[in-house]
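**Q** Can you keep this structure in mind? I'll have questions shortly.
We did not get these values from a lab; they are worked out from the coordinates using the rules stated. Computed from a predicted structure; not experimentally measured. Note: ideal-geometry Cβ built from the backbone for every residue, glycine included; neighbour counts use all protein chains shown.
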């Protein structure tokens, strides 16, 4: 067991266990939800926004394990939202992952780590601006830039979040 010289803030790390009963109820609740989303795109849009709000809430509350589970749920839900015609941005799931993981990383206070991902991210910013300026059709440039950079943004945030979850070091 790890002990710290000062009090640990936030909820305990192992405060969220997924029991088989909880998992079965969660899956069964998605049967009528999926049918409702297929019948009405407003339900699908509402689901996407509620899921985003839930992730932001868990990130601000410091529930790192829940945020990690939330990330997997959002990645899988992306296909569902597209199939059911949700009125959300095409890259919504990737940006939601990046946003919530960034909040979770900042909330955890464990932003320390290898500098290489931050350097890589910093080098992508000028190239994104260059792509936007070079493409004549601004709409096509935005789509190209989004397609090229959003996957990296989500991966960058996920790597940092998982590093925060799996390292048991208290921030200094």
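**Q** Please give the contour-minus-distance gain from residue 124 to residue 22: 0.36 nm per residue of separation, less the Cα-Cα distance, rounded to one decimal in nm. Kindly include the intermediate steps, with their values, before the conclusion.
**A** Details: separation 102, 0.36 × 102 = 36.72 nm, distance 4.13 nm.
The span from residue 124 to residue 22 would gain 32.6 nm if fully extended.
**Q** Could you calculate the contour length gain from residue 46 to residue 61, that is, 0.36 nm times the residue separation minus the distance between their Cα atoms, to one decimal place in nm? Please list the in-between numbers first.
**A** On the way: separation 15, 0.36 × 15 = 5.40 nm, distance 2.22 nm.
Computed gain between residue 46 and residue 61 is 3.2 nm.
**Q** Another one. Could you put 44, 108 in order, starting from the residue whose Cβ has the fewest other Cβ atoms within 10 Å?
**A** Numbers: 44 25, 108 21.
Ordered by Cβ neighbours within 10 Å, fewest first: 108, 44.
**Q** Which value in nm describes the separation of the simple spin-label points at residue 29 and residue 54, placed 7 Å from the Cα toward the beta carbon?
**A** Here the answer is 0.6 nm between the modelled labels.
**Q** Of the listed peptides 74-86, 91-103, 21-33, what is their order by residue-averaged count of other C-beta atoms within 10 Å, with the highest listed first?
**A** On the way: 74-86: 16.9, 91-103: 21.7, 21-33: 10.5.
Peptide ranking by packing, descending: 91-103, 74-86, 21-33.
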